[in-house]
1. Would you list which aspartates and glutamates come within 12 Å of LYS198, measuring only between C-alpha atoms, while excluding same-chain residues fewer than 8 positions from it?
2. What residues have an amide H closer than 5 Å to that of THR95, excluding those fewer than 5 places away on the same chain, when H is modeled at 1.01 Å from N in the peptide plane?
3. Working from Cα positions, state the angle (0 to 90°, nearest 10) between the long axis of helix 164-174 and the longest principal axis of the chain.
4. Per residue, how much accessible area does segment 184-251 have with a 1.4 Å probe, in Å²?
5. Place a +1 charge on the Cβ of each Lys and Arg in segment 134-243 and a -1 charge on the Cβ of each Asp and Glu, then give the dipole magnitude about the Cα centre in debye, rounded to the nearest 20.
6. Mind ranking 46-54, 182-190 by how tightly packed they are, going by the mean number of other C-beta atoms within 10 angstrom, highest first?
7. Rounded to whole Å, give me the distance from the Cα center of segment 1-75 to that of segment 192-212.
8. Hey, any idea what the orientation-averaged projected area of the convex hull of segment 134-243's Cα atoms comes to, in nm²?
Amino acid sequence: MPEGDAVLRTARRLDRALTGGVLTRTDVRVPRYATVDLAGQPVTGTVTRGKHLLTRIGADWTLHTHLKMDGSWATLRPGQRWPKPAHMARVVLETDATQAVGFLLGIVEVLPRAGEEEAVGHLGPDLLGADWDEDEAVRRLLTHPDEPVFDALRDQTSLAGLGTIWAAETGFTMGIHPMTRVGDVPDLVRTVRVARLKLQQAMERPGPLAVYGRERAVCRRCGTPIRRIEMGGREGRPRPAYFCPNCQPAR
Ligand SMILES: [Zn+2]
């Protein structure tokens, strides 16, 4: 699943492609919004809240989308061939200069601007947001002291933007086993700072991953084979947690 860094890159690309343009055609291929027509309105910007994308249209409307597992936004020239089959398209936004096509999006909502807060207000502080609030993120994490840290860091209501990749990499840097209870993490403030730094670095200059996706490859620090376990979390679906059993011992 794309994490905060990838979502922010998508937002910046949509922003460059659409903002300032006037929509010439819109097609929201979700039954609830099938009759929505925003043609004639200007696109005023695309911003993120955690992994959520908010594309603001005219004075009154916001297109709220989320990539979830398989979603993507293509930004194309008018008439350019789509990179995925048409049946996978969920939203099409066209201006004179651009066609933006959202494929397999996990969330598509056309909201009145005032509805943005309801859509994303449950999120914790945004690791890549201008209004990042470290104290509040730590406070929210500590309201679930028994939760495994790997699941807690990915809980978007505590801090928004982290997924399986950067939660795993943060655990490795901090030397904490993914099953460690939040209340037992020796330095939660520094853990949150490292998580934020990982996302910021991923935005600028992605480096090689230490543990994520490296099951059975050896740890670059100590040579021990990297392990993968399935973990839960509130979303219900199991998620792979990668770690070095030597550098990240269970507590
Ligand atoms: Zn190691």
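The values are calculated or read from the model by the stated rules, or taken from the named source; none is laboratory data. Bear in mind the structure is a predicted one, so any value in this text is a computation, not a measurement. Backbone-built Cβ (ideal geometry, glycine too); neighbour counts: all protein chains shown. The protein model used for the area step is the full one, side chains on, heavy atoms only, and it has no ligands, DNA or RNA in it. Shrake-Rupley method; radii C 1.70, N 1.55, O 1.52, S 1.80 Å.
1. Hits, sequence-local ones excluded: GLU3, ASP5, GLU169.
2. It is THR24, ALA100, by chain and number.
3. The answer is roughly 30 degrees.
4. Working: 4110 Å² over 68 residues.
Computed with neighbouring chains in place, this is 60 Å² per residue.
5. Numbers: 18 positive and 14 negative charges, 97 e Å.
With only Lys, Arg, Asp and Glu charged at Cβ, the dipole is about 460 debye.
6. On the way: 46-54: 23.1, 182-190: 15.6.
Order by mean packing, descending: 46-54, 182-190.
7. A separation of 26 Å, based on Cα centres.
8. Working: hull surface 25.9 nm².
Over all viewing directions, segment 134-243 projects a mean Cα-hull area of 6.5 nm².
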